[in-house]
């Protein structure tokens, strides 16, 4: 890989400050998305291997973000006088765990797993920028939810795959069955049980 | 020199958008100014020697600033242009409309009205000079947002009250409901400032 | 044989005062308290405690009442199957019983993941990003072709998207009322079919939830058309005979 590509990538991530999509990086640097993925992986490995480096790369399936290494959080927070701390309720943690491990996921599916309506908790997490929603291509009235970079930032984690038991939980087959079921809270089913 | 000092220094310079004094860096990192000067020199030499690096250090006698390498200026400029001058997203237009109809308004209120965190969108609108922010007299950590005069002029208006259906829309019952939900006290205060 | 024992089990104060995140959270807590695995047998075993909890919490204080009742109905099925092996169940009912068990196992995975996530939030250090495009010159760049009317449309859209929170409890209330209405209708026809008096249960019930839960229990069995219930007096054993 050309060292000039890595250098340019680092400059772009530095200036952007917010998550940038692989697509936009590829376009700006006039290389394929595959090459961008490789360059991001190389830069990420370079930071990880270098103890003198103070930076790390966070990524999700579509975007990349440059941030400070978690080990330096105390000095960073003392300079900016602000801390990324989150107090999480039991409900918020459950919904967040479901979204983090199973994204992209619809509200109906989240409600189904927890067996209760989760709209209040979802709104709360959206306002705190820990999750994001986008239109659901297969249901115009619904949204699909994903964890945000802010979620990774608060945890100081490079990606969701670093979450404990990620492989197991993100793949678990039982969930597919649950999600195919009706919602336990739905009116339909209530009527059926009479 | 301890690699942890260089790492922490890089983190601090990374998050500071403006030049930081050697004195402040030394204080934050709990080392002498002499050590900070040495660490800055070492970091600067590291960037210069590494062709894969996209960053460089700019310094004068008192302050230090992290910046992108001049060789990458064309791509940096191209990314900045594409991010700030592309067509505005639906989200950006909605935030702009909320600020126009409800100015002066806090970020918490904007977030509550849209039901999602709007920080990136606000940043983009600020950089496009469509909105301004100023310190919030009733909350030192927050800002209040208004449309810029330039933007109002583009719309052919002297003030926001000339927006279509301004009286009805800006006082819509649903806004009162959602804002009371999240911020019981702040609306009154805001009205006072109008 | 008592399907619903209202007096034989008194839950500790601690348990009652705990806030549950929903029916599955409650059910898991009950199973874990008894140190049981998630099986049909353990579900049958904790069914009474589950119903008791709903009654003690007096229904109205429970969020998601409909969800609690829906799980209650499944538990009643499971319990009646455990008590009355002679009963046969439709494929749908068998499936709904198995599903509850599967569902509980899946929910447990995430409840545990949430606990681990909570610990991570407590002990982890953050990765801090820069503000976007720091140091970039502000350049006036209004959206092409924007008018006052564009802003009005977008603002109206935003207003239309504001969730009306009252809808949620209302919807649930409708579900409960529908449930009650159906029960009343059924009660009327069943009175002619079965010999027991349901009016008595209603007259002594402490609250609406108790009526609903009690009836769900009886109706599930009657729905089979294999049984017939008799009850001498409220809170006494419910006598069940095969028709």
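Hey, among A:116, A:76, which residue is over 27 Å from residue A:1 (Cβ atoms), buried (at least 23 other Cβ atoms within 10 Å of the Cβ) and touching a strand residue (DSSP E or B) at 6+ places or on another chain (Cβ under 7 Å)? Working first, answer last.
Numbers: A:116 fails: touching a strand residue (DSSP E or B) at 6+ places or on another chain (Cβ under 7 Å).
After applying the criteria, what remains is A:76.
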If I ask for residues that are within 25 Å of residue A:40 (Cα to Cα), crowded, with 16+ Cβ neighbours inside 10 Å and within 10 Å of chain C (Cβ to nearest Cβ), which ones from the stretch A:152-172 would you list? A:152, A:153, A:154, A:155, A:156, A:157, A:158, A:163
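Residues that are under 16 Å from the mean Cα position of the chain (by Cα), facing another protein chain (nearest Cβ under 10 Å) and within 25 Å of residue A:146 (Cα to Cα): does the stretch A:22-40 have at least one? Show your work before the answer.
Pass one, the stretch A:22-40, residues under 16 Å from the mean Cα position of the chain (by Cα): A:22.
Then keep just the ones that are facing another protein chain (nearest Cβ under 10 Å); that gives none.
No, the stretch A:22-40 contains no residue that is under 16 Å from the mean Cα position of the chain (by Cα), facing another protein chain (nearest Cβ under 10 Å) and within 25 Å of residue A:146 (Cα to Cα).
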Residues satisfying the stated conditions in the stretch B:91-103, i.e. crowded, with 21+ Cβ neighbours inside 10 Å and touching a strand residue (DSSP E or B) at 6+ places or on another chain (Cβ under 8 Å): B:96, B:98, B:99, B:100
The residue that is modelled with the highest pLDDT, considering only those in the stretch A:173-185 that are more than 7 Å from chain C (Cβ to nearest Cβ) and in contact with a helix residue (DSSP H, G or I) (Cβ under 8 Å, 6 or more places away or on another chain), is A:179
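Restricting to the stretch A:48-58, and then to whatever is more than 7 Å from chain B (Cβ to nearest Cβ) and surrounded by fewer than 20 Cβ atoms within 10 Å (Cβ to Cβ), can you tell me which residue is nearest to residue A:152 (Cα to Cα)? Give the derivation first.
Restricting attention to the stretch A:48-58, the residues satisfying the condition of being more than 7 Å from chain B (Cβ to nearest Cβ) are A:48-50, A:56-58.
Filter again for surrounded by fewer than 20 Cβ atoms within 10 Å (Cβ to Cβ), leaving A:48-50.
Details: A:48: 16, A:49: 20, A:50: 21 Å.
The residue in question is A:48.
Could you say which residue among C:111, C:152, C:130 is at the interface with another protein chain (Cβ under 7 Å from one of its Cβ atoms), in a loop (DSSP other than H, G, I, E, B) and at pLDDT 90 or above?
On the way: C:111 fails: in a loop (DSSP other than H, G, I, E, B); C:152 fails: in a loop (DSSP other than H, G, I, E, B).
Going through C:111, C:152, C:130 in turn, the sole match is C:130.
For the stretch B:141-151, name all the residues that are in contact with a helix residue (DSSP H, G or I) (Cβ under 9 Å, 6 or more places away or on another chain) and crowded, with 18+ Cβ neighbours inside 10 Å. Show your work before the answer.
Keep residues of the stretch B:141-151 that are in contact with a helix residue (DSSP H, G or I) (Cβ under 9 Å, 6 or more places away or on another chain), which gives B:142-147, B:151.
Those that are in contact with a helix residue (DSSP H, G or I) (Cβ under 9 Å, 6 or more places away or on another chain) and crowded, with 18+ Cβ neighbours inside 10 Å: B:144, B:145, B:146, B:147, B:151.
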So, residue C:103, is that one modelled with pLDDT of 55 or more and facing chain A (nearest Cβ under 10 Å) or not? yes
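Tell me the residue from A:82, A:44 that is within 13 Å of chain B (Cβ to nearest Cβ), out of contact with any helix residue (DSSP H, G or I) (no Cβ under 6 Å at 6 or more places or on another chain) and modelled with pLDDT of 90 or more, please.
On the way: A:82 fails: modelled with pLDDT of 90 or more.
Among A:82, A:44, only A:44 is within 13 Å of chain B (Cβ to nearest Cβ), out of contact with any helix residue (DSSP H, G or I) (no Cβ under 6 Å at 6 or more places or on another chain) and modelled with pLDDT of 90 or more.
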Tally of residues being more than 19 Å from the chain's Cα centre (by Cα) and surrounded by 14 or more Cβ atoms within 10 Å (Cβ to Cβ) across the stretch B:2-20: 7
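A quick yes/no check of all residues on (1) under 19 Å from the mean Cα position of the chain (by Cα); (2) farther than 12 Å from residue C:158 by Cβ:
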position: B:78; (1), (2): no, yes
position: B:85; (1), (2): yes, yes
position: B:99; (1), (2): yes, no
position: B:102; (1), (2): no, no
position: B:120; (1), (2): yes, yes
position: B:124; (1), (2): yes, yes
Which of (1) farther than 25 Å from residue C:19 by Cα; (2) touching a residue at least 60 places away in the same chain (Cβ under 8 Å); (3) surrounded by fewer than 17 Cβ atoms within 10 Å (Cβ to Cβ) does residue A:138 not meet, given it meets every other one? (2)
Residue C:122 meets each of (1) within 13 Å of chain A (Cβ to nearest Cβ); (2) surrounded by fewer than 16 Cβ atoms within 10 Å (Cβ to Cβ); (3) touching a residue at least 12 places away in the same chain (Cβ under 8 Å) with one exception, condition (3)
In the set A:131, A:105, A:99, A:110, the lone residue that is within 25 Å of residue B:179 (Cα to Cα) and more than 8 Å from chain C (Cβ to nearest Cβ) is A:131
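The values are calculated or read from the model by the stated rules, or taken from the named source; none is laboratory data. The structure presented is a predicted model; accordingly, all values stated were derived computationally and were not measured. All Cβ positions, even for glycine, are placed from backbone atoms using ideal geometry, and neighbour counts span all protein chains on display.
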